[in-house]
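Read through the structure below, which is laid out as structure tokens, and then see the notes.
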Amino acid sequence: MMGEYGNEIFNFDDVCKYLKISKHTLYKYTQRKEIPAFRIGKELRFRKESIDKWLKTQERKHMIKKKG
């Protein structure tokens, strides 16, 4: 779904498919507030731009651990 300014907005299932993770894993990330999300009513939503930034951060963390 495209947002007002061209920012794509994902629902829960979209993020699972995009990141290739299970619903259980995404649920854990959201419960721990480890992944950027917001609510519209009772439903969680995710900005693709925020998910991409989060993903880059995860990549950097992994690379630092791998080198260190």
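Every number here is computed from the coordinates shown, using simple stated rules; none is lab data. These numbers come from a predicted model, not from an experiment. All Cβ positions, even for glycine, are placed from backbone atoms using ideal geometry, and neighbour counts span all protein chains on display.
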**Asked** Taking 0.36 nm per intervening residue step and subtracting the Cα-Cα distance, what contour gain separates PHE12 from THR25 on full extension?
**Response** 3.6 nm
**Message:** Taking the Cα of GLU43, stepping 7 Å toward and past its beta carbon, and measuring to each backbone N in the range 9-25: which are under 15 Å?
**Reply:** 9-16
